[in-house]
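Notes for the one structure printed next.
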């Protein structure tokens, strides 16, 4: 029979206790390492949503410029229809496998995606292209600047969201910069601006986009973004078809030319597929209120595109307005440092 001395028993207990303590410390060390890695990853990607939102507005700025420039070449609803038809062809090879993989999730939420396709795919760009048939670029930008306000109001009405005081100040500063560009530094001209039927189309488009942006939070987190976009575009194209056929019967089609093909190619890829992927991801990461302020970058990019491609001069009121816009975006998006 093996007898252990009391000192040996004490040593064994101490060794087990030390082993348990060591395992606990190792476990805590791994946990701290995981937390540190997550913090570092978050620091590295904190800029990502703002880059995506900036690219979105850049792509849409090109869309506005083209929409105005080819208003006599391609009818508005036809441009919207063929834009999304081409976008769907691009998305299908990537979207179908993802849709099959998440078929149960897609079937469960198909009504939500069908409804979300109406203000975004079916209406928004059709309204914008229709507006650009008659309204001036100045008025379009002015009305479009109200989108962040529409988003904030819609988020408050639907979900009870409220903007912080700093975000509200940021929106006001950004709008001031926008008005500075539009009025060329002379705010007295605001009283002389007239609003046409085209401006009302732009207003309706802005409200539709606000509804879409706010309701993006209803998309399940586990839903693949490409699968979601493919289904939304498919539904939107379906809802657009009757209006396209109506316009075709009333106004007729348009002739294929290198110019029209280049325009359709651009609007299919950049303001449709890439911009919607960037916007959806950006809104998902920072929320609709913060994302909405990036609409104020549109006149900045429009001025830059005009400077690069049309030879227009960059003036002092442009730079002043840009500085105010970027200040407003910084106030709205930068995190508050905790004391």
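Just a few scattered comments:
- Leading residue by the ranking (surrounded by the fewest Cβ atoms within 10 Å (Cβ to Cβ)) among those in the stretch 86-115 that are under 30 Å from residue 68 (Cα atoms) and out of contact with any helix residue (DSSP H, G or I) (no Cβ under 6 Å at 6 or more places or on another chain): 89
- Taking the criterion of being exposed (fewer than 14 other Cβ atoms within 10 Å of the Cβ) and outside any helix (DSSP H, G or I), the residues of the stretch 158-181 that qualify are 160, 162, 164.
- Helices (runs of 4 or more DSSP H) contained in the stretch 90-137 and holding at least 2 residues in contact with a strand residue (DSSP E or B) (Cβ under 9 Å, 6 or more places away or on another chain) and over 23 Å from residue 222 (Cβ atoms): none
- Number of positions in the stretch 63-81 that are assigned to a helix (DSSP H, G or I) and surrounded by fewer than 19 Cβ atoms within 10 Å (Cβ to Cβ): 3
- Here residue 120 meets the list (1) modelled with pLDDT of 80 or more; (2) surrounded by fewer than 19 Cβ atoms within 10 Å (Cβ to Cβ) almost entirely, failing just condition (2).
- 3 or more residues over 20 Å from the mean Cα position of the chain (by Cα): qualifying helices (runs of 4 or more DSSP H) within the stretch 223-339: 225-251, 258-268, 298-305, 316-333
The values are calculated or read from the model by the stated rules, or taken from the named source; none is laboratory data. Values in this document were obtained by computation on a predicted structure and should not be read as measured data. Every residue, glycine as well, gets a Cβ built from its backbone with ideal geometry; the counts of neighbours run over all protein chains shown.
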